[in-house]
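Notes for the one structure printed next.
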Amino acid sequence: MKKIQTILIAGLLLMSACVFAQDYAFKVLANKGTNEVKSGDAWQPLKTGASLKSTDEVKLTDNAYLALVHSSGKPMELKEAKTYKVADLAASLKPGTSVLNKYADFILSSNSAEAKKNRLSATGAVHRGDDRYSIQVLLPENQHSGIYNSTAVINWDGSKVAGPYIVKLMNMYEEVLASVETPETTFQVDITDAKFANLTAVLVEVSSKADPKQMSTRHLIKKLPAAEIEKVKGSLDEIIGEVSEQTALNKYLLASFYENNNLFIDAIASYEDAIKLAPDVTFYREAYDEFLLRHGMMR
């Protein structure tokens with residue numbers, strides 16, 4: 001009798017686990033347009049963060065966009081205006097699970113209404129920077145200045161100081177290695193360039209060409225040590241096959257990966273790529289701003 005009870009309990013637990021695992025088919029990460037979901041008999045507006053069941057249907061309007069992540073962790077973008085059965089969408093994916101689920105969950109929790117409310121209430125405690133520096137560069141504090149990839153995207157707020165600007169790249173002895181004039185408020189630096197080949201870190205400073213006293217604080221871009229590069233590469237290799245296609249959703253998931261690994265400069269580059277790939281999807285710009293606010297890079 002005890003053996004039968006044990007088998008019954010194990011069976012119930014297994015059934016419960018299966019039901020829980022199948023509670024949803026997809027989660028909605030990004031949503032543009034007046035898209036709808038039918039769960040049962042009625043159509044309802046589709047919202048970011050919603051869970052879609054296998055029995056649901058989704059309807060995309062003209063010029064709409066939908067970014068989904070399957071319960072297995074696999075990403076999917078929809079752009080064509082039509083009605084989709086969620087079960088068919090799930091069946092179109094390759095079988096198997098993915099570690100991307102971790103990053104999708106992180107995205108949803110970071111951009112939830114509660115998380116945004118908590119950040120808003122903590123705004124007064126955010127580091128505001130030194131008022132002596134009139135140009136704000138959107139780069140992280142030095143403890144998060146490591147970079148895995150070769151390209152760093154340097155943006156700054158030009159609302160207080162008009163261009164053109166001078167971007168200076170220096171070594172740790174503050175010797176200027178490159179000085180570039182630009183009318184833009186963005187600049188990219190390749191840390192594998194010959195000028196920086198023998199350096200472990202580069203200092204960045206932005207100033208006004210007309211008035212050099214109007215400048216930014218100096219920010220650090222630091223190459224990762226070989227051991228850390230191998231560690232990041234090992235984790236990245238687990239997901240890279242699933243996000244290799246050049247889509248806004250994949251770049252967004254990569255940004256989450258880098259943020260999880262405290263590689264904020266790499267995350268910035270991925271957010272920039274996501275916005276370029278889907279410039280009309282405001283969600284990615286808003287998510288980028290949220291990321292900058294989360295880590296005190298924007299005020």
Amide N of segment 166-207 lying under 14 Å from the label point, which is placed 7 angstrom from the Cα of E228 along Cα→Cβ: 200-202
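Carbon and sulfur together cover what percent of the accessible area of segment 197-299 at a 1.4 Å probe radius?
Working: 2380 of 4670 Å².
Percent of accessible area from carbon and sulfur atoms in segment 197-299: 51.
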Under the Karplus curve 6.51 cos²θ - 1.76 cosθ + 1.60, θ = phi - 60°, whole-Hz ³J(HN,Hα) for segment 55-63, x wherever Gly or Pro sits: 7, 7, 10, 10, 10, 9, 8, 4, 6
Total formal charge among the other residues, if their Cβ is under 9 angstrom from that of Q136, Lys/Arg +1 and Asp/Glu -1: +1
Whole-Hz ³J(HN,Hα) from phi, Karplus 6.51 cos²θ - 1.76 cosθ + 1.60, for segment 162-173, glycine and proline x: 6, x, x, 10, 10, 9, 10, 10, 10, 8, 6, 8
Under Karplus coefficients 6.51, -1.76 and 1.60, residue-wise ³J(HN,Hα) of segment 226-242 in Hz, glycine/proline x: 4, 5, 6, 4, 5, 5, 5, 4, x, 6, 5, 4, 5, 10, 4, x, 8
Candidates per trypsin sites (Lys or Arg not before Pro) in segment 189-278, loop by DSSP, up to 11 other Cβ within 10 Å: K213
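Accessible area per residue of segment 40-91 at 1.4 Å probe, in Å²? All intermediate terms of the calculation are to be shown ahead of the outcome.
Values: 2700 Å² over 52 residues.
Heavy-atom accessible area per residue stands at 52 Å².
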Interchain or long-range residues, amide H under 5 Å from L199's placed H: none
Calculated SAXS-style log₁₀ I(q)/I(0) at q = 0.08, 0.12, 0.13 Å⁻¹ - segment 145-299, Debye, Cα scatterers: -0.25, -0.56, -0.66
Pairwise centroid distance, computed over Cα atoms, of segment 267-283 with segment 237-257, Å: 12
Local electrostatic count, K59, Cβ distance below 13 Å [Lys/Arg +1, Asp/Glu -1]: -2
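The values are calculated or read from the model by the stated rules, or taken from the named source; none is laboratory data. Given the structure is predicted, the values throughout are model-derived calculations rather than measurements. Note that each Cβ is placed from the backbone with ideal geometry, even for glycine, and that neighbours are counted across all protein chains shown. We work out accessible area using only protein heavy atoms, side chains counted, and drop any ligands, DNA or RNA first. Shrake-Rupley method; radii C 1.70, N 1.55, O 1.52, S 1.80 Å.
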